[in-house]
Each structure stands twice: as structure tokens, then as C-alpha cells.
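Here the structure comes first, spelled out in C-alpha cells, and everything after it is commentary.
The values are calculated or read from the model by the stated rules, or taken from the named source; none is laboratory data. Because the structure is predicted, anything quoted here is derived from the model rather than measured. Backbone-built Cβ (ideal geometry, glycine too); neighbour counts: all protein chains shown.
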Amino acid sequence: MSMDQLKRQAAARAVEYVADGMRLGLGTGSTAKHFVELLGERVRGGLKVIGVPTSEATRADAERCGVPLTTLEKIDHLDLTVDGADEIDVRLNVIKGGGGALLREKIVATASSRMVVIADDSKWVETLGRFPLPIEVVPFGLAATRSAIEGCFKQAGVAGEITIRKGVDGHAFVTDGGHWIVDAHLGRIPDAPRLAALLNGVPGVMEHGLFIGLAATAILAGSQGIRVVDRS
């Protein structure tokens, strides 16, 4: 079974969590795209839901699939968010942001009663950090912000190269919010909650890809089938 088929399996299981009348957060990325497509099939079959997309790309996918949309300006609370992940640890802490939508993803996840993370089982790790940690930053004062980020790393007992993410045109990747992303190649983050708290205090950091205590359930698809892990 291909990786894409595994992602679709995880997305299909997540659709089972959706009930009529729900207000949904719609994640970003290749696995979340499958969820939006499968949700669209349910909507065309009569399911009544409304969604808040976490990126312009997801907005376009939802519109193409016929999923009704709204914004967090019109409704301030969601029943369920379904999103992908770049890494998931055994405590269901997550690294997200490989697709560049981490700020909107975290806003939507925080506004939800429940977050379900869907992924293939290669994303399951004992300790976060193998995947580079995305950090969304304001371009102004970037050198000072990078220095402050490195100070956070030192306090958290991690170290690694920080690179500015590039877009397909070779220039700095720009998020939907108009910010840049730096990727921190840390290898291992022994205390992700501590690092998250430290990064929260850096003025030039708009958001980071450590999603701590937000995911209630992880749905992991592998060669042996689907595994569902609930946060204890």
C-alpha cells in the first residue's frame, strides 16, 4: 500500500468522527486534503456541516469539494478539528508546519473542543525533533529574533542549525499571514513543552510548530491497519 493510500485510510477513519451539524476545523497538508475530499463526499450525500479552513490552499480544496465554509469571525468555537502532523510523540504532542500553515492551524485547533490528528505511522516517534521545527517569524529584526530563538534552545538543552525556508522561486517562503518561516534542525527535543513555552516569549516569533496538549486523538495508518491513540 502506498503512502498516499495510508494517508487516505487515516482520513477515512477521521470522517467517522464527524456528526451532522458540526462546526469543523479543516487542516492543511496532503493527509488533511484527503479528509476534505472524503468530507465533501459526505456533504454531497446530505451531511450538514460547516468548516473553517486553516489555509488558502485548504479553502480552495473545500470549495472544490462543496464543503460549506465560514470564519472564526462568524463563529468563535468549533466542535472538531482534523489535521495532519509532521511528527507525533507518545504523549500526543505534535510538530506541525511543514506546509507553512502552523499559525492558522494552531488558532483553529485552540478554538476547537477536540483535535484529531491523522497521519501515516511513520510520523509516530518516541521523542519529537527529527522533523525540523518550523517557527513563523516577522521578517523585521530577524537577526535579533534568531539570536533570541537560539537563547531559547540553549535554555531547553537543544541545539541545531536554523535555516530560512525558501519558496519554489528561491526567495523566502511567505505564509498566508505574510510572515517568514525558519526551520530549526534540532534532531531531538527532550522537553517539548519547555521549549514551546520559551519560544512563546520571543516577540519576533508569531508562532511555532510545537502543538502541546492540543491533540486529543491520533489516527495512524500503517501496513498492519489503523491504530487509534487517545491522549490519557
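Considering each of Leu142, Leu102, Leu133 in turn, give the residue that is modelled with pLDDT of 95 or more and in contact with an Asp or Glu (Cβ under 6 Å, 6 or more places away or on another chain). Please lay out each step first, then the result.
Values: Leu142 fails: in contact with an Asp or Glu (Cβ under 6 Å, 6 or more places away or on another chain); Leu133 fails: in contact with an Asp or Glu (Cβ under 6 Å, 6 or more places away or on another chain).
Being modelled with pLDDT of 95 or more and in contact with an Asp or Glu (Cβ under 6 Å, 6 or more places away or on another chain) holds for just one of Leu142, Leu102, Leu133, which is Leu102.
Considering only residues of region 44-79 that are among the small types (Gly, Ala, Ser) and either surrounded by fewer than 14 Cβ atoms within 10 Å (Cβ to Cβ) or not in a helix (DSSP H, G or I) (or both), which is nearest to the chain's Cα centre (by Cα)?
Selected residue: Ser55.
Please verify whether Asp183 is at pLDDT 95 or above, touching a helix residue (DSSP H, G or I) at 6+ places or on another chain (Cβ under 7 Å) and either under 20 Å from Glu105 (Cβ atoms) or surrounded by fewer than 16 Cβ atoms within 10 Å (Cβ to Cβ) (or both), treating the condition exactly as stated. Give the derivation first.
Working: at pLDDT 95 or above: yes; touching a helix residue (DSSP H, G or I) at 6+ places or on another chain (Cβ under 7 Å): no; either under 20 Å from Glu105 (Cβ atoms) or surrounded by fewer than 16 Cβ atoms within 10 Å (Cβ to Cβ) (or both): yes.
Spelling it out, it is not the case that Asp183 is at pLDDT 95 or above, touching a helix residue (DSSP H, G or I) at 6+ places or on another chain (Cβ under 7 Å) and either under 20 Å from Glu105 (Cβ atoms) or surrounded by fewer than 16 Cβ atoms within 10 Å (Cβ to Cβ) (or both).
In region 22-30, is there at least one residue being touching a Cys at 6+ places or on another chain (Cβ under 7 Å) and within 26 Å of Gly209 (Cα to Cα)? Full working, then the answer.
Step one: filter region 22-30 for residues touching a Cys at 6+ places or on another chain (Cβ under 7 Å), giving none.
No, because not a single residue in region 22-30 is touching a Cys at 6+ places or on another chain (Cβ under 7 Å) and within 26 Å of Gly209 (Cα to Cα).
Here are some conditions: (1) assigned to a strand (DSSP E or B); (2) buried (at least 22 other Cβ atoms within 10 Å of the Cβ). Leu195 meets all but one. Which one does it not meet?
Leu195 satisfies every listed condition except (1).
Against the conditions (1) under 23 Å from Leu133 (Cα atoms); (2) in a loop (DSSP other than H, G, I, E, B), where does Val82 fall short? Just the number, please.
(2)
Quick check: anything in region 173-180 out of contact with any Pro (no Cβ under 8 Å at 6 or more places or on another chain) and either assigned by TED's automatic domain parsing to the domain that holds Ala109 or farther than 15 Å from Ile135 by Cβ (or both)? First the steps, then the outcome.
Here is the first cut: in region 173-180, the ones out of contact with any Pro (no Cβ under 8 Å at 6 or more places or on another chain) are 173-178.
If we keep only those that are either assigned by TED's automatic domain parsing to the domain that holds Ala109 or farther than 15 Å from Ile135 by Cβ (or both) too, we end up with 176, 178.
Looking through region 173-180, at least one residue is out of contact with any Pro (no Cβ under 8 Å at 6 or more places or on another chain) and either assigned by TED's automatic domain parsing to the domain that holds Ala109 or farther than 15 Å from Ile135 by Cβ (or both).
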